[in-house]
Amino acid sequence: MTTKPLSGITVLDLTNVLAGPFCCHQLAHLGAEVIKIEAPGRGDLARQLGVDQALSEKNMGVSFLAQNPGKQSVALNLKNPSGKRIFKQLVAKADVVVENFRPGVMTRLGLDYDKLREESPTLIYCAISGFGQTGPLSGRPAYDQIIQGLSGVMSITGDETSAPLRAGWPVADTVGGLTAAMAICAALNAPKRGSFIDVAMLDSLLATMGWAVSNLLIGKTVPVAAGNENLTSAPSGAFRCQDGLLNIAANKQEQWEILADHLGLSELKTDTRFKTRDDRKANRLALNVALEDVLRSRPAAVWQKELNALGVPAGQVLSVQEALEQPQFRHRDQLSDFTLDDGRSVQTLRTGIQMNGDALTVASGPPELAADTDKVLYDLGYSDSEIEAFRNEGAL
């Protein structure tokens, strides 16, 4: 792809750990120049996080590598007067500022939206936080699991014996980051640029729960933890086969009838317990037992191939390793290979987006802390001696 949608856009990324960095990860792959502003000496906390201790000790933790390819790193002390002046100069040349501090931090630094738009009236300023910039919980710290609990997500994850249960990845952080990236892209397309975007992880996660929430608000039905069952239809869920689980979604009447015939259970089509969707939902446990009696006779991969060929959606329940090894995933070109400064090769995920037939990519890997400080300051017109003076006074 020669020209990406956000080519020519400059983003100042002041964020840490996941929600904010994941937002800017999307923007970088869409073509924006993303300059990551990090605290001197320590940088993004994610640099010290992850399962590979050797990488964490080098300030290049696995958690950091995951969502920071393609960015530049500038180590800047925003509490230092010179550091603030340099940051404001960067703002004057930038299109977007993204931060995920607790509400009030940027105001105390004198770098809030009202102050920064004096440097750039068309600035798009996006603040990502757990609860938003207003409201009774706005001052609270928030982590992914806290938001999962407060959103109700945990209450409907798992089954009646295991719920409440945390989702197996930081869903609140990533949904918050995606919401912010979407809002920023929209703001960049506004007829008149310049806006303050307030993204709350709690709001963002609840917004994705439309079906469950609407069942409560409109249908007056309390959402429950249903495990691997799809409560909107039956048979629709995860079924035990000879060697593992197979998801089957026979949501349409014709799909149910094809499934019954293929499993040699045609008599179930006229059983009064299973004739209609509502009948099958009301008697799903008995139906599941009948289906699994047959499904257990053969491997999940065999059933998957046969059912999909008949028009009945089916898919194996895979491990993460197996998911990455799927020919379909490999075909979509969603992994990037980078070499770190110490010579180590690493792979990271891209964004899941293909544009004009190509997967979105970035040209460089995750940056070492402060790797681009001098370059960015040269671009602002500073000399070597001035940069050295900034270092001596603690601005860099």
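Bear in mind these aren't lab numbers, they're just calculated from the coordinates by the rules spelled out. Note that the structure is predicted; figures quoted are calculated from it, not measured. Neighbour counts run over all protein chains shown; Cβ positions are idealised from the backbone, glycine included.
If R0 is taken as 25 Å, the Cβ-Cβ distance between Glu267 and Asp243 corresponds to a FRET efficiency of 0.40. Global size of the range 236-317: 11.5, 31 Å for Rg and Dmax (C-alpha atoms, Rg to one decimal, Dmax whole).
Cβ-to-Cβ counts within 10 Å put Tyr113, Tyr125, Tyr378 in ascending order as Tyr378, Tyr113, Tyr125, the fewest first.
The angle between the Cα long axis of helix 253-262 and the longest principal axis of the Cα atoms of the chain comes to about 60 degrees, rounded to the nearest 10.
Think of the chain as having a plus end and a minus end, set by charges on the Cβ of Lys, Arg, Asp and Glu; of Gly83, Asn100, Asn283, Asn283 sits farthest toward the positive end of this dipole. The label-point distance for Glu388 and Gln347, in a model that sets each label 7 Å from Cα toward Cβ, rounds to 4.6 nm. Amide H to amide H distances under 5 Å link Cys126 with Val97, Val98, Glu99, Ile197, where only residues 5 or more positions off or on other chains count and H is placed in the peptide plane. Between amide H atoms placed 1.01 Å from N, distances below 5 Å from Leu245 occur with Val317, all of them 5 or more places distant or on a separate chain.
Taking 25 Å as R0, compute the FRET efficiency from the Cβ-Cβ separation of Thr3 and Tyr378 and round it to 0.05. So the FRET efficiency works out to roughly 0.45.
Along its three principal directions, the equivalent ellipsoid of the range 155-310 from the Cα gyration tensor extends over semi-axes of 39, 18, 16 Å, largest first. Taking the chain as a Gaussian network of alpha-carbon nodes connected by springs under 10 Å, the highest mean-square fluctuation of the residues Gln253, Gln133, Gln26 belongs to Gln253. Name the residue, out of Thr272, Thr122, Thr179, whose mean-square fluctuation peaks in a Gaussian network model built on the chain with Cα pairs under 10 Å. It is Thr272.
In this Cβ point-charge picture (+1 for Lys and Arg, -1 for Asp and Glu), the chain has a dipole of about 800 debye about its Cα centre. Remark on the range 51-110: hydrodynamic radius 14.0 angstrom, per the Kirkwood mean of 1/r across alpha carbon pairs.
With charges set only on the Cβ (+1 for Lys and Arg, -1 for Asp and Glu), what does the dipole of the range 201-257 come to about its Cα centre, in debye to the nearest 20? Don't skip to the answer; put the middle values down first.
On the way: 3 positive and 5 negative charges, 31 e Å.
So the dipole magnitude of the range 201-257 works out to roughly 140 debye.
Extending 7 Å from the Cα toward the beta-carbon at both Thr232 and Leu165 defines two label points whose distance is 2.1 nm. The order of the peptides 235-243, 30-38 by mean Cβ neighbours within 10 Å, most packed first, is 30-38, 235-243. Applied to the range 335-344, the Karplus parametrisation 6.51 cos²θ - 1.76 cosθ + 1.60 on θ = phi - 60° returns per-residue 3J(HN,Hα) values of 10, 10, 10, 10, 10, 6, 4, 8, x, 6 Hz, with x for Gly and Pro.
Net charge dipole, the range 108-265: roughly 500 debye, given to the nearest 20, about the Cα centre with Cβ charges of +1 for Lys and Arg and -1 for Asp and Glu. Between Met355 and Thr276, the modelled label-to-label distance comes to 4.8 nm, taking each label 7 Å out from Cα in the direction of the beta carbon.
Over every pair of different alpha-carbon atoms in the chain, take the mean of 1/r and invert it; report that Kirkwood radius in Å.
Working: mean 1/r = 0.0417 Å⁻¹.
Averaging 1/r across every pair of different Cα atoms and inverting gives 24.0 Å.
Placing one equal scatterer on every Cα of the range 198-245 and applying the Debye formula, the log10 ratio I(q)/I(0) at q = 0.21, 0.26 Å⁻¹ is -0.84, -1.01.
Computed extension gain for Lys79 through Ala190, at 0.36 nm per residue and net of the alpha carbon distance, reaches 36.7 nm.
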